[in-house]
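Here's the structure, in structure tokens; my notes come after.
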Amino acid sequence: MVTEAMPRTAAETTQVVRFRAGAQYALLAGPLLTMLDSSIVNVAVEPISRQTGTSLPTVQWIVSGYLLALGTGLVLTSYLSRRFGTIPTYTAFLAAFTAASALCGASSGVRMLIAARVLQGLAGAPLVPLAMSMLLGGSGGSRRMSPAAGVLLFLGPALGPSIGGMLLGAIGGGEGWRAIFLINVPIGLLAVAAARRLPANLGPPAQPAARPDLAGLGLLAVGLVAVFYGVDRITRGALTPPATWGPIAAGVAVLAVYAVRSGRVAHPALDLSILRQGSVALAFTLCGAASVAAWSIVFVVPIFLESGQGHSAFITGVALLPQGIVTGVGTLAGAGAAARIGVRPTVLGGFVLLVASSAGLFAIGAGTPLWLTGLILTLRAAAVGLVITPLVLVATEPLRPEQQADANTAFNVVQRVLGSFGIGVVATLFTQRSAHVGQVPALHTVAIAITVLAAAAAVAALFLPDAQTEDLLAATSKQGSGA
């Protein structure tokens, strides 16, 4: 449940939304589940192949089908939220995702599991942008958002393999992989029950007269699916054209056609005019860089810890879990710092810390104690958490409430594409370098790439607005009253 406190004095320029525990659970559980499920299955591919007697390339479609379905699901998000309202759409997709998870866990064979994963991807794609539009909407809700949002935005996919490894290690047996899907069911059912009690004024009302931009939806779907297909090929180690880069190039070209067309129609499937604001576009780009830096290295490190240092999947998962907590604390610290010293110095400081902590990866070798590796990764998590809230505020606060659904959908597309692309490139780089020079030099090569990316982001952060977050909120209030 959510309570609202209206401004009582002239000094209070914004409406403040305080999310109670039930509301936060409803709005965070769905996105966290769908983002975890984008990666948690990676550790189960080999056990499923062994238990079912199915080839690895076929079983890999359990991951690929989910990824490709996300593209189609994201395309529909903005239109469905306008047509039926944000809360009803979110609740319906949350229920559908829960049902698809149960179907995955009950699958009698690989073909049924692949089909269920496609349904799960279609249902899960809208959950993150819809929840963000309510958590970070034009009511000032972002200032009362739980630090747990930092986990779902950045470390949800990265923690997937760790949690999956812990579940497989704890349960064991040939059927242990089913727990990865079935664990979603009770969590999802509770979230659906909580979502039904969310107040209607958290999102814009439904517009029954809204009509779909069919041509735009088609272009977006084709473009995103092509890009995600190429990204999926990268994650399988295929870096040679045209099988990999051909689909990516074609997808980017189709998306470019959509971008030009969207500026010429009255009600595009996804409004991209928000990206014409320089600060918003820069915030999107920096969030994408943070996604690559955060997700990719935490995908590589578990492989290194298990195959290079000999730790079990369960111990590796336990060692990596503190990063989620630290990221959450970092988001809270970032919000406070941005309010006190401004957005630019806060984000710049976060990326500088990310450069230093990423360079610390060079200290990791075959005999490095697990606690030291965990400390280095924890510092990286703190750095990423520090930049999240200020960047999200820069990207969303200048927008009107009715722009939030499009903004958060576009934000999620950027996060998904760049995050997946970064994971694929870094994982492939690590795998190929490991085969030639060994895992320790391969990890250090990855560290170079991530450190350079973080340094470039730090330079770009110099061009962010220097306003404090209260100034952003006040400017938003004035813009809204002027509108």
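Checked against (1) open to solvent by less than 40 Å² (accessible area, probe 1.4 Å); (2) farther than 20 Å from Leu36 by Cα, Val352 meets all criteria but (1). Every condition in (1) in a helix (DSSP H, G or I); (2) open to solvent by 10 Å² or more (accessible area, probe 1.4 Å); (3) at pLDDT 75 or above is met by Glu470 except one, and the failing one is (3).
One line per residue, one yes/no per condition, for (1) closer than 30 Å to Ala96 by Cβ; (2) assigned to a helix (DSSP H, G or I):
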position	(1), (2)
Gln207	yes, no
Gly216	yes, yes
Ala249	no, yes
Leu255	yes, yes
Val260	no, yes
Ala269	yes, no
Ala281	no, yes
Gly288	yes, yes
Ala294	yes, yes
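Those residues that are part of a helix (DSSP H, G or I) and open to solvent by 10 Å² or more (accessible area, probe 1.4 Å), I need them from the stretch 303-313; list them, please. Correct list: Ile303, Glu306, Ser307, Gly308, Ala313. Just checking, how many residues over the stretch 171-205 are open to solvent by 60 Å² or more (accessible area, probe 1.4 Å), assigned to a loop (DSSP other than H, G, I, E, B) and more than 30 Å from Thr54 (Cα to Cα)? Number satisfying all stated conditions: 3.
Any residue in the stretch 351-375 that is within 17 Å of Thr327 (Cβ to Cβ) sitting within a Cβ distance under 7 Å of a residue that is among the charged types (D, E, K, R)? List the pairs, counting only those 6 or more apart or interchain. If the second residue must be among the charged types (D, E, K, R), the pairs left are Leu354/Arg380; Ser357/Arg380; Ser358/Arg380.
Checking each residue in the stretch 418-452 for being within 14 Å of Ala289 (Cβ to Cβ) and open to solvent by 40 Å² or more (accessible area, probe 1.4 Å) picks out Leu418, Phe421, Val425, Ala449, Val452. Residues in the stretch 314-336 that are open to solvent by less than 30 Å² (accessible area, probe 1.4 Å), at pLDDT 80 or above and more than 17 Å from the chain's Cα centre (by Cα): Gly334, Gly336.
In the stretch 267-291, the qualifying residues are those that are β-branched (Val, Ile, Thr) and modelled with pLDDT of 80 or more, and the one that is most open to solvent (accessible area, probe 1.4 Å) is Thr285. A residue that is out of contact with any Phe, Trp or Tyr (no Cβ under 6 Å at 6 or more places or on another chain), part of a helix (DSSP H, G or I) and closer than 18 Å to Val426 by Cα occurs nowhere in the stretch 331-339. Identification of helices (runs of 4 or more DSSP H) wholly contained in the stretch 39-85 with 3 or more residues that are in contact (Cβ under 8 Å) with a residue 60 or more places away in the chain and buried (at least 24 other Cβ atoms within 10 Å of the Cβ) yields 61-84.
The values are calculated or read from the model by the stated rules, or taken from the named source; none is laboratory data. If you're wondering where the values come from, they're calculated on a predicted model, not measured in any experiment. In this analysis, Cβ positions are derived from the backbone assuming ideal geometry, glycine residues included, and neighbour counts consider all displayed protein chains. Calculation scope for accessible area: heavy atoms of the full protein, side chains included, ligands and nucleic acids excluded. Shrake-Rupley method; radii C 1.70, N 1.55, O 1.52, S 1.80 Å.
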